[in-house]
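Report on one structure; see the data block that follows.
Laboratory data are not the source of any read-out in this text; all were calculated from the coordinates shown. A quick note: this is a predicted structure, and the numbers were derived from the prediction, not measured. Counting neighbours? That spans all protein chains shown, and the Cβs are built from the backbone with ideal geometry, glycine included.
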Amino acid sequence: MNDGRRQFFTRFFLEQAGKTLAGFRAGVKEARAKADFEAFFSDYESSYALTLAYPDDILLDAARKEGIPVDGREKNDIVKDLFLKKGGYGSG
């Protein structure tokens, strides 16, 4: 194999390895964000401040406008769905 081809394939391999590693890191970051998001909404105590931030009537109206079912559901679940609909855990 001539030197030009060898350099080409070496650069190509290194570029692909870098892209693969970057993709892996992005996947890990997203998985952590999803895990943190799920943990935040896993119980009422962790998301208490967020659920208190909005009066019930405003929260329920906003959820209904977004097509999120509200009847018979916990406020925490409604806030979680609304948060997901408006940007979710991966928006930051």
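Listed by chain and number, the lysines whose alpha-carbon sits under 29 Å from that of Lys19, ignoring those within fewer than 8 places in the same chain, are Lys29, Lys34. Loop-located chymotrypsin sites (Phe, Trp or Tyr not before Pro) in the range 35-92 (DSSP state not H, G, I, E or B) with no more than 13 neighbouring Cβ atoms inside 10 Å: Tyr44. When you filter the trypsin sites (Lys or Arg not before Pro) in the range 17-89 for DSSP loop state and at most 12 other Cβ atoms inside 10 Å of their Cβ, you are left with Lys86. Placing dummy labels 7 Å off each Cα toward the beta-carbon, the span from Ala22 to Leu50 is 3.0 nm. A simple count of charges around Phe37, restricted to other residues whose Cβ falls under 15 Å of its Cβ and scoring Lys, Arg +1 and Asp, Glu -1, yields 0. For the chain, no complete DSSP H run has alpha carbons reaching 18 Å or more along its own long axis together with a mean Kyte-Doolittle score of 0.0 or higher.
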